[in-house]
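Below you'll find the structure, written out as C-alpha coordinates, and then a few comments.
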Amino acid sequence: AICVGAARRRKVVAAAKHSASAKNSIGTLSEAGVRADRHREAFCRFKDHRKMSSAIKQLAARTPAPISLSSLHRFATSVPKAFPREQGAILSHQFLSEQISIRAARRFEESSSYPFDLDGVNRLREKYEALTGAQDTLPTSTDDGAKLESAAAFGKWLHSNLTALENDVSYMQEQLKDTVSAASTQTQHQKVQEDANSCMEKMHIPLITWRLLSSQHDLLLAAAGVAPSAPNKKPAPEQDLPPLPISIASTNTDIHLLVEETAEDCRAFCIEKNGEAPEVKVASARDLPPRDAPDQQSALKHAPRCLLVEGHVHFALMEVLKNSMGAMCQHWGQDLIDAPPIQIQLSGGGSEVGIRISDLGGGIALRRRAKAFDFFHTSAVPMKATYGYSKAHGAAFTGMGVGLPMARIYARLCGGDLAFNVLPGYGTDTYIILNRAADVPFPV
(Lines give C-alpha, C1' and ligand atoms only; values in the text may rest on other atoms or scores of the structure.)
Protein backbone atom coordinates (compact mmCIF):
# COMPACT_ATOMS: atom_id res chain seq x y z
CA ALA A 1 0.00 0.00 0.00
CA ILE A 2 2.85 2.33 0.85
CA CYS A 3 4.53 1.57 -2.50
CA VAL A 4 1.28 2.11 -4.44
CA GLY A 5 0.67 5.46 -2.68
CA ALA A 6 4.21 6.61 -3.44
CA ALA A 7 3.77 5.67 -7.11
CA ARG A 8 0.53 7.64 -7.30
CA ARG A 9 2.17 10.70 -5.72
CA ARG A 10 5.01 10.51 -8.25
CA LYS A 11 2.48 10.46 -11.10
CA VAL A 12 0.59 13.48 -9.67
CA VAL A 13 3.84 15.45 -9.21
CA ALA A 14 4.96 14.57 -12.75
CA ALA A 15 1.57 15.61 -14.17
CA ALA A 16 1.74 18.90 -12.26
CA LYS A 17 5.27 19.58 -13.53
CA HIS A 18 4.16 18.80 -17.07
CA SER A 19 1.17 21.15 -16.72
CA ALA A 20 3.34 23.96 -15.34
CA SER A 21 5.86 23.41 -18.12
CA ALA A 22 3.06 23.55 -20.70
CA LYS A 23 1.72 26.77 -19.18
CA ASN A 24 5.19 28.31 -19.21
CA SER A 25 5.63 27.25 -22.80
CA ILE A 26 2.28 28.78 -23.75
CA GLY A 27 3.20 32.00 -21.90
CA THR A 28 6.57 32.11 -23.61
CA LEU A 29 5.00 31.54 -27.01
CA SER A 30 2.36 34.21 -26.29
CA GLU A 31 5.03 36.76 -25.30
CA ALA A 32 7.03 35.84 -28.38
CA GLY A 33 3.93 36.43 -30.49
CA VAL A 34 3.38 39.88 -28.94
CA ARG A 35 7.02 40.76 -29.56
CA ALA A 36 6.71 39.58 -33.15
CA ASP A 37 3.62 41.75 -33.64
CA ARG A 38 5.50 44.74 -32.22
CA HIS A 39 8.45 44.06 -34.51
CA ARG A 40 6.11 43.84 -37.50
CA GLU A 41 4.43 47.13 -36.54
CA ALA A 42 7.79 48.82 -36.02
CA PHE A 43 9.01 47.47 -39.35
CA CYS A 44 5.88 48.76 -41.10
CA ARG A 45 6.35 52.19 -39.50
CA PHE A 46 9.99 52.10 -40.58
CA LYS A 47 8.97 51.25 -44.14
CA ASP A 48 6.31 54.02 -44.11
CA HIS A 49 8.88 56.46 -42.72
CA ARG A 50 11.42 55.52 -45.39
CA LYS A 51 8.73 55.82 -48.05
CA MET A 52 7.69 59.25 -46.71
CA SER A 53 11.30 60.41 -46.45
CA SER A 54 11.92 59.32 -50.02
CA ALA A 55 8.82 61.19 -51.23
CA ILE A 56 9.89 64.35 -49.38
CA LYS A 57 13.41 64.13 -50.86
CA GLN A 58 11.90 63.86 -54.33
CA LEU A 59 9.67 66.88 -53.66
CA ALA A 60 12.57 68.92 -52.28
CA ALA A 61 14.63 68.16 -55.38
CA ARG A 62 12.04 69.80 -57.64
CA THR A 63 12.47 73.42 -58.68
CA PRO A 64 9.68 75.64 -57.30
CA ALA A 65 8.07 78.27 -59.50
CA PRO A 66 9.20 81.83 -58.71
CA ILE A 67 6.56 83.74 -56.74
CA SER A 68 6.69 87.45 -55.96
CA LEU A 69 4.23 90.01 -54.63
CA SER A 70 3.99 91.30 -58.19
CA SER A 71 3.08 87.89 -59.65
CA LEU A 72 0.45 87.33 -56.94
CA HIS A 73 -1.06 90.72 -57.73
CA ARG A 74 -1.11 90.05 -61.48
CA PHE A 75 -2.81 86.67 -60.96
CA ALA A 76 -5.40 88.10 -58.57
CA THR A 77 -6.27 91.01 -60.85
CA SER A 78 -6.22 89.27 -64.24
CA VAL A 79 -7.56 85.71 -63.83
CA PRO A 80 -10.96 86.63 -62.28
CA LYS A 81 -11.50 89.06 -65.17
CA ALA A 82 -10.58 86.58 -67.90
CA PHE A 83 -12.42 83.55 -66.47
CA PRO A 84 -15.50 82.86 -64.34
CA ARG A 85 -14.83 83.83 -60.73
CA GLU A 86 -14.68 80.28 -59.43
CA GLN A 87 -11.81 79.51 -61.82
CA GLY A 88 -9.54 81.87 -59.90
CA ALA A 89 -9.93 79.83 -56.71
CA ILE A 90 -9.65 76.52 -58.60
CA LEU A 91 -6.46 77.55 -60.39
CA SER A 92 -5.06 78.91 -57.13
CA HIS A 93 -5.68 75.54 -55.46
CA GLN A 94 -3.96 73.67 -58.29
CA PHE A 95 -0.93 75.96 -58.14
CA LEU A 96 -0.57 76.17 -54.36
CA SER A 97 -1.07 72.45 -53.75
CA GLU A 98 2.10 71.82 -55.72
CA GLN A 99 4.17 74.83 -54.72
CA ILE A 100 3.54 74.64 -50.96
CA SER A 101 4.36 70.92 -51.01
CA ILE A 102 7.70 71.61 -52.70
CA ARG A 103 8.56 74.51 -50.40
CA ALA A 104 7.56 72.59 -47.26
CA ALA A 105 9.68 69.64 -48.38
CA ARG A 106 12.66 71.97 -48.78
CA ARG A 107 12.12 73.39 -45.30
CA PHE A 108 11.84 69.84 -43.92
CA GLU A 109 15.16 68.84 -45.47
CA GLU A 110 16.81 72.12 -44.43
CA SER A 111 15.67 71.82 -40.81
CA SER A 112 17.64 68.60 -40.40
CA SER A 113 20.83 70.71 -40.51
CA TYR A 114 19.78 73.21 -37.83
CA PRO A 115 22.72 73.54 -35.39
CA PHE A 116 20.46 73.17 -32.35
CA ASP A 117 19.40 69.99 -30.55
CA LEU A 118 16.03 71.34 -29.45
CA ASP A 119 12.58 69.81 -29.16
CA GLY A 120 11.26 72.72 -31.23
CA VAL A 121 13.17 71.46 -34.28
CA ASN A 122 11.26 68.15 -34.23
CA ARG A 123 7.97 69.99 -33.87
CA LEU A 124 8.81 72.18 -36.86
CA ARG A 125 9.73 69.15 -38.93
CA GLU A 126 6.39 67.53 -38.13
CA LYS A 127 4.54 70.63 -39.36
CA TYR A 128 6.66 70.89 -42.52
CA GLU A 129 5.99 67.20 -43.20
CA ALA A 130 2.26 67.78 -42.75
CA LEU A 131 2.34 70.69 -45.23
CA THR A 132 3.90 68.47 -47.89
CA GLY A 133 0.47 66.83 -47.97
CA ALA A 134 -0.89 69.86 -49.85
CA GLN A 135 -0.36 67.91 -53.09
CA ASP A 136 -2.87 65.29 -51.89
CA THR A 137 -5.73 67.80 -51.56
CA LEU A 138 -6.59 67.98 -55.28
CA PRO A 139 -9.95 66.44 -56.20
CA THR A 140 -10.32 63.47 -58.54
CA SER A 141 -13.58 64.81 -59.94
CA THR A 142 -13.61 66.96 -63.10
CA ASP A 143 -16.77 68.80 -62.05
CA ASP A 144 -16.18 72.52 -61.39
CA GLY A 145 -18.52 72.48 -58.40
CA ALA A 146 -16.50 69.70 -56.75
CA LYS A 147 -13.28 71.51 -57.61
CA LEU A 148 -14.53 74.70 -55.98
CA GLU A 149 -15.55 72.80 -52.83
CA SER A 150 -12.13 71.19 -52.79
CA ALA A 151 -10.46 74.62 -53.17
CA ALA A 152 -12.44 75.89 -50.18
CA ALA A 153 -11.57 72.81 -48.11
CA PHE A 154 -7.92 73.33 -49.06
CA GLY A 155 -8.11 76.94 -47.82
CA LYS A 156 -9.39 75.73 -44.46
CA TRP A 157 -6.76 72.96 -44.31
CA LEU A 158 -3.96 75.37 -45.14
CA HIS A 159 -5.09 77.92 -42.56
CA SER A 160 -5.24 75.22 -39.87
CA ASN A 161 -1.76 73.91 -40.69
CA LEU A 162 -0.22 77.38 -40.80
CA THR A 163 -1.76 78.24 -37.42
CA ALA A 164 -0.19 75.10 -35.98
CA LEU A 165 3.13 76.06 -37.61
CA GLU A 166 2.93 79.56 -36.09
CA ASN A 167 2.55 78.04 -32.63
CA ASP A 168 5.62 75.86 -33.13
CA VAL A 169 7.63 78.77 -34.57
CA SER A 170 6.83 80.73 -31.38
CA TYR A 171 7.81 77.70 -29.29
CA MET A 172 11.09 77.31 -31.16
CA GLN A 173 11.67 81.05 -30.84
CA GLU A 174 11.44 80.83 -27.06
CA GLN A 175 13.91 77.94 -27.04
CA LEU A 176 16.35 79.85 -29.23
CA LYS A 177 16.09 82.88 -26.98
CA ASP A 178 16.91 80.74 -23.93
CA THR A 179 19.82 79.14 -25.80
CA VAL A 180 21.28 82.52 -26.72
CA SER A 181 20.91 83.74 -23.13
CA ALA A 182 22.60 80.61 -21.78
CA ALA A 183 25.76 81.05 -23.88
CA SER A 184 28.58 81.38 -21.33
CA THR A 185 31.56 82.91 -23.15
CA GLN A 186 31.69 85.81 -25.58
CA THR A 187 32.95 83.60 -28.39
CA GLN A 188 30.26 81.01 -27.77
CA HIS A 189 27.58 83.70 -27.54
CA GLN A 190 28.59 85.19 -30.89
CA LYS A 191 28.44 81.81 -32.64
CA VAL A 192 25.10 80.90 -31.05
CA GLN A 193 23.71 84.34 -31.93
CA GLU A 194 24.70 83.96 -35.59
CA ASP A 195 23.12 80.50 -35.74
CA ALA A 196 19.98 81.78 -34.03
CA ASN A 197 19.68 84.70 -36.49
CA SER A 198 19.94 82.28 -39.42
CA CYS A 199 17.43 79.87 -37.89
CA MET A 200 14.92 82.65 -37.14
CA GLU A 201 15.03 83.89 -40.72
CA LYS A 202 14.61 80.35 -42.06
CA MET A 203 11.54 79.90 -39.86
CA HIS A 204 9.82 83.24 -40.38
CA ILE A 205 10.39 83.90 -44.09
CA PRO A 206 8.48 80.81 -45.33
CA LEU A 207 5.79 81.31 -42.70
CA ILE A 208 5.19 84.91 -43.84
CA THR A 209 5.27 83.85 -47.49
CA TRP A 210 2.80 81.00 -46.96
CA ARG A 211 0.51 83.30 -45.00
CA LEU A 212 0.47 85.67 -47.98
CA LEU A 213 -0.39 82.79 -50.33
CA SER A 214 -3.11 81.56 -47.97
CA SER A 215 -4.61 85.05 -47.64
CA GLN A 216 -4.62 85.51 -51.41
CA HIS A 217 -6.33 82.15 -51.85
CA ASP A 218 -8.99 83.14 -49.31
CA LEU A 219 -9.65 86.38 -51.22
CA LEU A 220 -10.10 84.44 -54.45
CA LEU A 221 -12.53 82.11 -52.68
CA ALA A 222 -14.43 85.14 -51.39
CA ALA A 223 -14.55 86.49 -54.94
CA ALA A 224 -16.15 83.19 -55.95
CA GLY A 225 -18.69 83.52 -53.15
CA VAL A 226 -17.28 80.71 -50.99
CA ALA A 227 -16.13 81.11 -47.38
CA PRO A 228 -13.06 79.01 -46.44
CA SER A 229 -14.57 78.50 -42.96
CA ALA A 230 -17.64 76.86 -44.54
CA PRO A 231 -16.39 75.04 -47.67
CA ASN A 232 -19.61 73.10 -48.19
CA LYS A 233 -21.85 76.14 -48.01
CA LYS A 234 -23.63 77.14 -51.22
CA PRO A 235 -21.80 79.96 -53.08
CA ALA A 236 -23.17 83.46 -52.57
CA PRO A 237 -25.31 85.00 -55.32
CA GLU A 238 -23.58 87.20 -57.91
CA GLN A 239 -24.90 90.48 -56.48
CA ASP A 240 -23.37 89.72 -53.06
CA LEU A 241 -19.86 89.05 -54.37
CA PRO A 242 -17.06 91.53 -53.58
CA PRO A 243 -15.90 93.85 -56.38
CA LEU A 244 -12.91 92.98 -58.52
CA PRO A 245 -9.92 93.03 -58.41
CA ILE A 246 -9.16 90.98 -55.33
CA SER A 247 -5.52 91.21 -54.21
CA ILE A 248 -3.61 91.17 -50.93
CA ALA A 249 -1.31 93.85 -52.35
CA SER A 250 -2.23 97.34 -53.45
CA THR A 251 -0.84 99.89 -55.87
CA ASN A 252 -3.24 102.59 -54.72
CA THR A 253 -2.07 102.97 -51.13
CA ASP A 254 -1.37 106.57 -50.17
CA ILE A 255 1.96 106.01 -48.42
CA HIS A 256 1.88 109.52 -46.98
CA LEU A 257 -1.44 108.79 -45.27
CA LEU A 258 -0.24 105.33 -44.18
CA VAL A 259 2.83 106.89 -42.52
CA GLU A 260 0.72 109.54 -40.77
CA GLU A 261 -1.72 106.95 -39.41
CA THR A 262 1.13 104.70 -38.24
CA ALA A 263 2.76 107.67 -36.49
CA GLU A 264 -0.53 108.36 -34.67
CA ASP A 265 -0.72 104.71 -33.58
CA CYS A 266 2.86 104.83 -32.32
CA ARG A 267 2.35 108.10 -30.43
CA ALA A 268 -0.64 106.54 -28.66
CA PHE A 269 1.54 103.56 -27.75
CA CYS A 270 4.34 105.84 -26.53
CA ILE A 271 1.99 107.96 -24.41
CA GLU A 272 0.57 104.81 -22.80
CA LYS A 273 4.05 103.51 -21.96
CA ASN A 274 5.88 106.77 -21.14
CA GLY A 275 3.17 109.32 -20.38
CA GLU A 276 4.21 111.52 -23.31
CA ALA A 277 5.41 111.28 -26.89
CA PRO A 278 7.41 113.44 -29.31
CA GLU A 279 5.71 115.12 -32.23
CA VAL A 280 6.05 113.65 -35.71
CA LYS A 281 6.12 115.57 -38.99
CA VAL A 282 5.67 113.82 -42.33
CA ALA A 283 6.83 115.38 -45.60
CA SER A 284 6.69 113.99 -49.14
CA ALA A 285 6.84 115.05 -52.76
CA ARG A 286 3.40 116.63 -52.55
CA ASP A 287 4.76 119.06 -49.94
CA LEU A 288 7.61 120.32 -52.15
CA PRO A 289 7.28 123.76 -53.80
CA PRO A 290 5.85 123.60 -57.35
CA ARG A 291 8.28 123.66 -60.30
CA ASP A 292 7.96 125.75 -63.42
CA ALA A 293 7.11 122.91 -65.77
CA PRO A 294 3.41 121.88 -65.61
CA ASP A 295 4.22 118.17 -65.88
CA GLN A 296 6.64 118.39 -62.93
CA GLN A 297 4.07 120.30 -60.88
CA SER A 298 1.49 117.62 -61.62
CA ALA A 299 3.93 114.87 -60.63
CA LEU A 300 4.48 116.46 -57.21
CA LYS A 301 0.84 116.38 -56.15
CA HIS A 302 0.98 112.93 -54.59
CA ALA A 303 3.39 110.92 -52.49
CA PRO A 304 5.26 108.08 -54.22
CA ARG A 305 3.29 104.90 -54.75
CA CYS A 306 4.36 101.28 -55.08
CA LEU A 307 2.98 97.76 -54.86
CA LEU A 308 2.89 96.82 -51.20
CA VAL A 309 1.10 94.95 -48.41
CA GLU A 310 -0.07 97.68 -46.04
CA GLY A 311 0.28 95.52 -42.94
CA HIS A 312 3.94 94.80 -43.68
CA VAL A 313 4.85 98.46 -44.20
CA HIS A 314 2.84 99.43 -41.12
CA PHE A 315 4.77 96.87 -39.05
CA ALA A 316 8.17 98.06 -40.27
CA LEU A 317 7.27 101.72 -39.67
CA MET A 318 5.87 100.94 -36.25
CA GLU A 319 9.05 99.20 -35.13
CA VAL A 320 11.30 102.02 -36.31
CA LEU A 321 9.08 104.71 -34.78
CA LYS A 322 8.87 102.83 -31.47
CA ASN A 323 12.64 102.90 -31.21
CA SER A 324 12.87 106.54 -32.28
CA MET A 325 10.23 107.70 -29.78
CA GLY A 326 11.78 105.63 -27.00
CA ALA A 327 15.19 107.18 -27.72
CA MET A 328 13.67 110.70 -27.74
CA CYS A 329 11.91 110.14 -24.41
CA GLN A 330 15.08 108.82 -22.80
CA HIS A 331 17.40 111.46 -24.28
CA TRP A 332 15.24 114.55 -23.62
CA GLY A 333 13.52 113.45 -20.43
CA GLN A 334 11.51 116.27 -18.83
CA ASP A 335 12.39 118.57 -21.74
CA LEU A 336 10.64 116.40 -24.32
CA ILE A 337 8.01 119.10 -24.84
CA ASP A 338 10.76 121.38 -26.18
CA ALA A 339 12.38 118.67 -28.34
CA PRO A 340 12.25 118.95 -32.13
CA PRO A 341 9.80 116.57 -33.82
CA ILE A 342 10.71 113.29 -35.47
CA GLN A 343 10.97 114.01 -39.19
CA ILE A 344 9.71 111.51 -41.76
CA GLN A 345 10.54 112.16 -45.40
CA LEU A 346 9.07 110.22 -48.34
CA SER A 347 10.64 110.12 -51.77
CA GLY A 348 10.66 108.04 -54.93
CA GLY A 349 13.05 107.57 -57.81
CA GLY A 350 13.32 104.97 -60.52
CA SER A 351 12.22 101.59 -59.21
CA GLU A 352 12.39 102.53 -55.51
CA VAL A 353 10.41 104.37 -52.87
CA GLY A 354 12.19 105.57 -49.75
CA ILE A 355 11.04 106.45 -46.23
CA ARG A 356 13.53 108.21 -43.94
CA ILE A 357 12.80 108.50 -40.21
CA SER A 358 15.07 111.03 -38.48
CA ASP A 359 15.14 111.47 -34.71
CA LEU A 360 17.28 113.53 -32.33
CA GLY A 361 17.41 110.86 -29.65
CA GLY A 362 21.17 110.89 -29.11
CA GLY A 363 21.96 108.09 -31.56
CA ILE A 364 22.71 104.44 -30.83
CA ALA A 365 25.72 103.35 -28.78
CA LEU A 366 28.40 101.49 -30.73
CA ARG A 367 27.97 98.20 -28.84
CA ARG A 368 24.19 98.28 -29.41
CA ARG A 369 24.59 99.38 -33.01
CA ALA A 370 26.37 96.14 -33.91
CA LYS A 371 23.51 94.11 -32.39
CA ALA A 372 20.59 96.15 -33.74
CA PHE A 373 19.54 93.42 -36.19
CA ASP A 374 20.30 90.51 -33.85
CA PHE A 375 17.21 88.59 -32.78
CA PHE A 376 16.44 88.75 -29.03
CA HIS A 377 18.51 91.90 -28.47
CA THR A 378 16.23 94.30 -26.58
CA SER A 379 16.19 96.87 -23.82
CA ALA A 380 12.41 96.63 -23.38
CA VAL A 381 10.51 94.57 -20.82
CA PRO A 382 10.27 90.99 -22.18
CA MET A 383 6.85 89.86 -23.38
CA LYS A 384 5.42 86.82 -25.13
CA ALA A 385 5.62 86.62 -28.92
CA THR A 386 2.43 87.26 -30.88
CA TYR A 387 1.50 87.90 -34.49
CA GLY A 388 -1.29 90.25 -33.40
CA TYR A 389 -1.40 94.00 -33.00
CA SER A 390 -3.53 96.44 -31.01
CA LYS A 391 -3.22 100.16 -30.45
CA ALA A 392 -3.55 99.59 -26.71
CA HIS A 393 -0.62 97.23 -26.42
CA GLY A 394 1.64 98.33 -29.27
CA ALA A 395 3.29 96.50 -32.10
CA ALA A 396 3.63 92.77 -32.49
CA PHE A 397 6.59 91.06 -30.78
CA THR A 398 6.89 93.90 -28.24
CA GLY A 399 9.74 93.19 -25.81
CA MET A 400 10.89 90.07 -27.67
CA GLY A 401 13.88 91.73 -29.35
CA VAL A 402 12.67 90.73 -32.81
CA GLY A 403 11.09 93.98 -34.03
CA LEU A 404 13.89 95.47 -36.15
CA PRO A 405 15.10 92.19 -37.69
CA MET A 406 11.50 91.27 -38.53
CA ALA A 407 10.93 94.74 -40.02
CA ARG A 408 13.96 94.20 -42.25
CA ILE A 409 12.59 90.80 -43.31
CA TYR A 410 9.31 92.43 -44.36
CA ALA A 411 11.17 95.09 -46.35
CA ARG A 412 13.39 92.52 -48.07
CA LEU A 413 10.46 90.25 -48.96
CA CYS A 414 9.18 92.92 -51.35
CA GLY A 415 12.66 93.57 -52.77
CA GLY A 416 13.56 96.46 -50.47
CA ASP A 417 15.70 96.86 -47.37
CA LEU A 418 16.05 98.57 -44.00
CA ALA A 419 19.20 100.31 -42.75
CA PHE A 420 20.23 103.16 -40.46
CA ASN A 421 22.95 105.80 -39.96
CA VAL A 422 23.96 107.19 -36.58
CA LEU A 423 25.43 110.52 -35.57
CA PRO A 424 26.76 109.80 -32.05
CA GLY A 425 25.26 112.00 -29.38
CA TYR A 426 22.85 113.57 -31.86
CA GLY A 427 20.40 111.19 -33.52
CA THR A 428 19.59 108.38 -35.92
CA ASP A 429 18.37 108.26 -39.51
CA THR A 430 16.58 105.04 -40.44
CA TYR A 431 15.80 104.20 -44.05
CA ILE A 432 13.04 101.89 -45.27
CA ILE A 433 13.47 101.20 -48.99
CA LEU A 434 10.62 99.64 -50.95
CA ASN A 435 10.76 98.10 -54.41
CA ARG A 436 8.16 99.93 -56.49
CA ALA A 437 7.29 96.87 -58.61
CA ALA A 438 7.76 94.28 -55.79
CA ASP A 439 8.89 91.83 -58.46
CA VAL A 440 11.70 90.16 -56.48
CA PRO A 441 10.83 86.44 -55.99
CA PHE A 442 10.25 85.22 -52.44
CA PRO A 443 13.04 83.00 -51.06
CA VAL A 444 12.39 79.30 -51.59
- Task: Take the alpha-carbon centre of region 94-122, take the same for region 155-174, and report the distance between them in whole Å.
- Result: 13 Å
- Note on the structure: Karplus-derived 3J(HN,Hα) from phi for region 400-406 (6.51 cos²θ - 1.76 cosθ + 1.60, θ = phi - 60°), whole Hz, x at Gly and Pro, runs 8, x, 10, x, 5, x, 5
- Note on the structure: SASA check, VAL444, accessible area w/ 1.4 Å probe, all protein chains in place, rounded to nearest 10 Å², comes out at 60 Å²
- Which residues qualify? For GLY361, with a placed amide H closer than 5 Å and at least 5 residues away or on another chain, they are THR428
- Item | Residue-by-residue Karplus 3J(HN,Hα) for region 265-271, coefficients 6.51, -1.76, 1.60, Hz, glycine and proline x | 4, 5, 5, 4, 4, 5, 5
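How would region 145-206 be classified by its alpha-carbon gyration tensor: rounded, prolate or oblate, with rounded meaning a/c under 1.5 and the a/b versus b/c comparison settling the rest? Kindly include the intermediate steps, with their values, before the conclusion.
Working: a/c = 9.56, a/b = 3.73, b/c = 2.56.
Cα axes put region 145-206 in the prolate bin.
In what order, largest first, do TYR431, TYR426 sit by accessible area if the probe radius is 1.4 Å?
Working: TYR431 70, TYR426 120 Å².
I get TYR426, TYR431, largest accessible area first.
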- Gain in length, ALA182 to THR63, computed as 0.36 nm per residue apart minus the alpha-carbon separation, to one decimal in nm? 38.9 nm
- For PHE116, put the label point 7 Å out on the Cα→Cβ axis and report which residues of region 396-438 keep their amide N under 18 Å from it. 397-407, 409
- Output ³J(HN,Hα) for region 74-89: one whole-Hz value per residue in order, computed from phi by the Karplus curve 6.51 cos²θ - 1.76 cosθ + 1.60 with θ = phi - 60°, and x for Gly and Pro. 5, 4, 5, 9, 9, 4, x, 7, 8, 10, x, 4, 5, 5, x, 5
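The values are calculated or read from the model by the stated rules, or taken from the named source; none is laboratory data. Treat the numbers as computed from the prediction; the structure is a model and nothing was measured. Reconstructed Cβ throughout: ideal geometry from the backbone, glycine too, with neighbour counts over all protein chains shown. For the accessible areas, the whole protein counts, side chains as well, though only heavy atoms, and no ligand, DNA or RNA atoms are used. Shrake-Rupley method; radii C 1.70, N 1.55, O 1.52, S 1.80 Å.
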